[in-house]
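Worksheet for the structure shown next.
The values are calculated or read from the model by the stated rules, or taken from the named source; none is laboratory data. Keep in mind it's a predicted model, so treat the numbers as computed, not measured. Cβ atoms come from the backbone with ideal geometry, glycine included; neighbour counts cover every protein chain shown.
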Amino acid sequence: MNLGRRILAFLADLRIYLEPRVARMVLLGFSAGLPLFLVLGTLSFWLREAGIDRTTIGFLSWVGLAYAFKWAWAPLVDQLSIPLLTKAIGRRRSWLIASQIVVAAALIGMAVSDPASNLQQLVMFTVLVAFASATQDIALDAFRIESGDVSVQAAMAASYQVGYRIAILVASAGALLIAAAFDPSEASYEHAPWTITYVVMAGFMAIGIVTVLFSSEPSQTRPDNDPITEAATEDVVPTSMRARFVRWFYVAAINPFVEFTVRYRYHAILVLALIGSYRISDIVMGVMANPFYHDMGFTKGEIATVSKIYGVVMTLIGAGVGGILSLRIGVVRVLFLGAALSAATNLLFAWLATRGHDLPGMVFAISADNLSAGIATAAFIAYLSGLTNIKYSATQYALFSSVMLLLPKFIAGWSGWMVDHYGYQAFFTGTAVLGVPVLILVWLARDIPMFDRRLATDSTAQPQATDLSKR
């Protein structure tokens, strides 16, 4: 009887994924994940096939730092309107549409750029894709956070991850299969297959555009009587254009950071340290994943089938499990579990490096790694969402996600150099060791309270510490 009731309760929990605001995140997650992998993972394989050395590929991964610095222009996305477009469809949706169109155009620019003869042009369009994609992330994170309270954020994060991972499936396995289908020979490099591939990928951005057009603008809670803003500007009468700009800049760019610091005080440093290191094992390892498969002798078809298709399925399972576990045992506990699994599974790639072209070994390593990544990411997104004040959702979430990427992306830029000098086995072992301090930080941050949403409407409310099992 107890087992039957638990099964029924579990099935009832799954109904949350059918809510429109939750289900919609699958398509928007797809739009967010597609360009990211095309400028990092798939691009690294393309570059390696074109004869670009591993050290250069590693340094080119610094293009991903655009995602780490998106906090710099997040206040503009949070506060500024796009002429005509914002009035027609709303602030969040207008920024989403504009960024998605730029991503599609820049992907076409990448398609016509051959790295073997014009690497500089390819890099230029890659930077544009990364910048527009990061802008889309800013608007999308705000859209998601403002579309539901903390109780549904884990489910929305899991749905987002489903779409995101499907996009990775398309941008990795799909891209490799398209390139392989139009490639006359695996033994030599041809640019034409990659041109076709990236033009097709640009067309897939229409999925996000259509989803945004058929979505409603989320309601925003932005009270005029913000106590921090009033305290800082009560003596300023914005009678001039300059004074109005200064006040706007404070509200848009400074206030979100001040609010976070005031709310968490000395705990803010610990929270930012946890955010800045949580995904370090996966991000640093990921840059060299495709060059590793290529150097181990795996074909594009094998990589597409095992690493991308099967691996993404395992990630989707992990994301679903992570969302349910977050509801059942709490976000922070799942954070710890995800961090431990992410670090440990990197050792499987060090083992695989000793075996060469071992297809069953590749399946095993990728299955374990992607399952742990799905669990960790679903919990981590829910954790970040729980830290965000809805009044500054775009700017604060951009700050958190930027901090998450800054250190890992910088270290990842040296990944090719590390492999060239010490080999794949030492490199993968080192990425696993990088995850050990994360476990300590999660344990230290376990009792720090998340944001009390009453603060969005009640300036007298304070964040309340909650039992670990309830978060």
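The condition of being over 30 Å from I303 (Cα atoms) and either modelled with pLDDT under 90 or in a helix (DSSP H, G or I) (or both) holds for A139. Taking the stated definitions as given, is I317 of a type outside the set (G, A, S) and within 18 Å of the chain's Cα centre (by Cα)? Yes; evaluated as a whole, the condition is true for this residue. Which one is farthest from the chain's Cα centre (by Cα), of the residues in segment 171-186 that are more than 9 Å from F37 (Cβ to Cβ) and surrounded by 23 or more Cβ atoms within 10 Å (Cβ to Cβ)? If we take residues in segment 171-186 being more than 9 Å from F37 (Cβ to Cβ) and surrounded by 23 or more Cβ atoms within 10 Å (Cβ to Cβ), then A179 is farthest from the chain's Cα centre (by Cα). If we scan segment 449-461, do we find a residue that is within 22 Å of the chain's Cα centre (by Cα), modelled with pLDDT of 75 or more and under 16 Å from L272 (Cα atoms)? The answer is no, given that none of the residues of segment 449-461 is within 22 Å of the chain's Cα centre (by Cα), modelled with pLDDT of 75 or more and under 16 Å from L272 (Cα atoms).
With respect to (1) among the aromatic types (F, W, Y); (2) in a helix (DSSP H, G or I); (3) farther than 24 Å from L272 by Cβ, the lone exception for F298 is condition (2). Scanning segment 329-357 for residues that are without any contact (Cβ under 8 Å) to a residue 60 or more places away in the chain and charged (D, E, K, R) yields a single hit, R355.
For segment 116-135, the condition holds for no residue, the condition being that it is surrounded by fewer than 24 Cβ atoms within 10 Å (Cβ to Cβ), within 22 Å of T211 (Cβ to Cβ) and over 18 Å from the mean Cα position of the chain (by Cα). One residue stands out among those in segment 281-293 that are within 21 Å of L43 (Cβ to Cβ), of a type outside the set (F, W, Y) and part of a helix (DSSP H, G or I): the one that is farthest from the chain's Cα centre (by Cα), which is P291. Taken over segment 332-362, residues that are over 17 Å from G41 (Cβ atoms), in contact with a Leu (Cβ under 9 Å, 6 or more places away or on another chain) and assigned to a helix (DSSP H, G or I) amount to 12. Of all residues in segment 76-105, those that are within 22 Å of F400 (Cβ to Cβ) and more than 19 Å from the chain's Cα centre (by Cα) total 4. Any chance segment 148-157 includes a residue that's within 23 Å of the chain's Cα centre (by Cα), under 17 Å from S94 (Cβ atoms), of a type in the set (G, A, S) and part of a helix (DSSP H, G or I)? Checked against the condition, which is being within 23 Å of the chain's Cα centre (by Cα), under 17 Å from S94 (Cβ atoms), of a type in the set (G, A, S) and part of a helix (DSSP H, G or I), segment 148-157 yields no hits at all. L169: in a helix (DSSP H, G or I) and either among the hydroxyl-bearing types (S, T, Y) or touching a residue at least 24 places away in the same chain (Cβ under 8 Å) (or both), yes or no? Yes, satisfied. In this structure, G356 does not qualify as closer than 28 Å to G174 by Cα and modelled with pLDDT under 80. Is it true that I309 is over 16 Å from A289 (Cβ atoms) and either in contact with a helix residue (DSSP H, G or I) (Cβ under 8 Å, 6 or more places away or on another chain) or surrounded by 18 or more Cβ atoms within 10 Å (Cβ to Cβ) (or both)? When the stated conditions are applied, I309 does not pass them. Does Q396 satisfy being more than 27 Å from G320 (Cα to Cα) and in contact (Cβ under 8 Å) with a residue 12 or more places away in the chain? Judged against the criteria, Q396 is not a match.
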